[in-house]
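Notes follow once the structure below has been shown.
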Amino acid sequence: MAVSKRSVLSGTAVATAALVALALAPVLAGSASGAAAAAGGCAATAHIDSQWDGGQIVTVTVVNTAPVAATSWTVTWTPASGQRVVSAWNATVSASGTTATAVNASYNGALAPGASAAFGMQLAGTGPAPVLDCANDAAQGSADVTATVADNGTTFTLYVGQTLAVSLPANYRPPVASGPALSAQSSSGGFPSGQPVLARYRASVPGTADVSSQTDDPCLHTTPPCARPVAQWLVHVTVLPAAGRTVTVTQADNAGTVTLRTGDTLVVSLPAMYVPPTVAPAGVLALAGSTGGYPTGQALLARYTAAAPGRADVSTVSDAACLHQPLPCPSPQVPWRLHVTVTA
């Protein structure tokens, strides 16, 4: 099994990642068009085509800015507060936490240098055009994981946007993927072509999928067929949310639980009456910055980086000036706590 330098992926079983609704956080551009920097050989721009009370239509244009051809692309962004995707076309769109992800369809992932593709969305809720992050595989050259005949029965873990290559001998049939988590990118060879099997899949949405194949032989199709045994081949794939995502939590998430991966960002957005939060135990989350909160009169915004695997609680409590007077007011303090689990 070959693994690219971009990531070291687990070959053990992982619990199925659940799809969650697009909810969410308020980190957006304030114009009618949101553009991504040309990073990772890819640039993406969002444009609001039409808008009405409670919804809008958005078109996203993806451009391959790399000097070589790309076969796939991924666009991510943070939806405006309260927005969700009603429908999408020319891309597969999913959400995890506060991050939305669009992955190319099977027919528009291949882009020559300078070429572009577009996808559209109907959104419930309004907001400015999102600022987009875009990446493609133009500079990658190889898949993130390659499964061979020796990997029969193995479970692989991918993240949204990564790729799985299947390399099998020529006597195997072209593989078939079941489940929504993987989308087929290309396939060649296999019985009866006489060429080795080489298939490529892209992790499209969080979830699970099985990729299967079996051996075949001309004598199995004669009358009477030969007694040659058929070998089955199957690998299980678990797709997790994309790396480096930002998860925003609010007052409504009190007593809730959030799962992050190392390198993810947690944003705590609370009203001005809350004091800056504390984290216990130390080491799991690293404070990246905090503004506002009592007694500034400004909304509280604290950012944390998931620094190491483990569990931690982020907690705070409301406060008021009258509570610090010689005769304190009877206003109750409101606690807020979030349970955080960080995985590798």
- Message: Tally up the residues in region 186-205 that are farther than 18 Å from T148 by Cβ and open to solvent by 40 Å² or more (accessible area, probe 1.4 Å), please.
- Response: 3
- Sole exception among (1) within 19 Å of G127 (Cβ to Cβ); (2) among the β-branched types (V, I, T); (3) in contact (Cβ under 8 Å) with a residue 40 or more places away in the chain; (4) open to solvent by 20 Å² or more (accessible area, probe 1.4 Å) for V63, by number: (1)
- Query: Is at least one residue of region 129-148 part of a helix (DSSP H, G or I), in contact (Cβ under 8 Å) with a residue 60 or more places away in the chain and either farther than 26 Å from T61 by Cβ or in contact with a helix residue (DSSP H, G or I) (Cβ under 8 Å, 6 or more places away or on another chain) (or both)?
  - Reply: no
- Query: If you check T208 against the conditions, is it more than 17 Å from G161 (Cβ to Cβ) and either of a type in the set (V, I, T) or open to solvent by 60 Å² or more (accessible area, probe 1.4 Å) (or both)?
  - Reply: no
- Message: Please go through region 183-231 and give me each residue that is farther than 24 Å from Y107 by Cβ and touching a residue at least 60 places away in the same chain (Cβ under 8 Å), ordered by number.
- Response: T208
- Being crowded, with 17+ Cβ neighbours inside 10 Å, modelled with pLDDT under 90 and over 19 Å from V237 (Cα atoms) narrows it down to one of A165, A143, A170, A138, so name that one. A138
- Query: If you take just the strands (runs of 3 or more DSSP E) that sit entirely in region 250-344, which of them hold at least 3 residues that are open to solvent by 30 Å² or more (accessible area, probe 1.4 Å)?
  - Reply: 256-261, 278-280, 285-291, 300-306, 310-317, 335-343
- Quickly run through region 76-98 and pick out the residues that are free of Cβ contacts under 8 Å to residues at least 60 places away in the same chain and either surrounded by fewer than 20 Cβ atoms within 10 Å (Cβ to Cβ) or of a type in the set (A, V, I, L, M) (or both). A80, S81, G82, V86, S87, A88, W89, N90, A91, V93
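The values are calculated or read from the model by the stated rules, or taken from the named source; none is laboratory data. Remember, it's a predicted structure, so these values are computed and weren't measured experimentally. No Cβ is skipped: glycine too gets one built from the backbone with ideal geometry, and neighbour counts run over all protein chains shown. Calculation scope for accessible area: heavy atoms of the full protein, side chains included, ligands and nucleic acids excluded. Shrake-Rupley method; radii C 1.70, N 1.55, O 1.52, S 1.80 Å.
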